[in-house]
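The values are calculated or read from the model by the stated rules, or taken from the named source; none is laboratory data. Nothing here was measured: the structure is a model prediction, and the numbers come from that model. Here the Cβ positions follow ideal geometry from the backbone for every residue, glycine too, while neighbour counts run over all protein chains shown.
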Amino acid sequence: MTGFGFLTRHIPNLLTYSRAALLPVVLWCAFKLSITHFAAVIFVILTYAAVSDFLDGHFARKLNVVSESGKILDPIADKCVILGVFCAFSLLKIMPLWIFAVISLREAGITVIRLMWARKGKVVAAEWSGKIKTFVQFVYAMTVSVLMYFESESPVATVLLYSALFLTLYSGAEFFWRNRKAFE
């Protein structure tokens, strides 16, 4: 396949890679920008991440180029973006470090199990609880970025944070239980 056909076939994975590449950008912004500018950039990055996440799946299905590697890389790219943002929030004392640690450990554990299954030739699709968890994490991050921009606070952010934490733990437990045979 050459030219446009080659590019078309790889659009979904290129979108996925572009999301993963945002991790260092997020961390650089946390250290180099004012809080207001950081908040604006994070809002744009999260918006891009959400739109590109939708589009990579849409194009993969529409162009009939769903790939096993895409099924593995897509959730990893999502984790890169959200963990980058949460790391920045933790460094800026917006998110408690222990919550960032719990979320990071869950995401690392899930990724290890997915890779273990992939080595055995099986691709593990995301559970609905994991998709809801990701959505709530993104809503929390978007809410915080807006509040940071306007130098405001809201109990809504706290509710979203602890909802995201609960869903992180629940979806992680569900995933580990359903995939416990990966360790055999």
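Here LEU115 clears all of (1) closer than 23 Å to VAL26 by Cβ; (2) surrounded by fewer than 21 Cβ atoms within 10 Å (Cβ to Cβ) except the condition numbered (1). Taken together, ALA50, ALA108, ALA88 contain a single residue that is buried (at least 20 other Cβ atoms within 10 Å of the Cβ), in a helix (DSSP H, G or I) and on the phi < 0 side of the Ramachandran plot, which is ALA88.
Look through VAL51, VAL146, VAL123, VAL41 and report the one residue that is farther than 17 Å from LEU167 by Cβ and at pLDDT below 95. It would help to see each step written out before you state the result.
Values: VAL51 fails: at pLDDT below 95; VAL146 fails: at pLDDT below 95; VAL41 fails: at pLDDT below 95.
That would be VAL123, the only listed residue that is farther than 17 Å from LEU167 by Cβ and at pLDDT below 95.
Per-residue answers, yes or no, for (1) exposed (fewer than 13 other Cβ atoms within 10 Å of the Cβ); (2) not polar (S, T, N, Q):
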position	(1), (2)
GLY121	yes, yes
VAL136	no, yes
ALA157	no, yes
LEU161	no, yes
ALA164	no, yes
THR168	no, no
PHE176	no, yes
GLU184	yes, yes
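Taken over the range 122-156, residues that are farther than 21 Å from GLY84 by Cα, without any contact (Cβ under 8 Å) to a residue 24 or more places away in the chain and not polar (S, T, N, Q) amount to 6.
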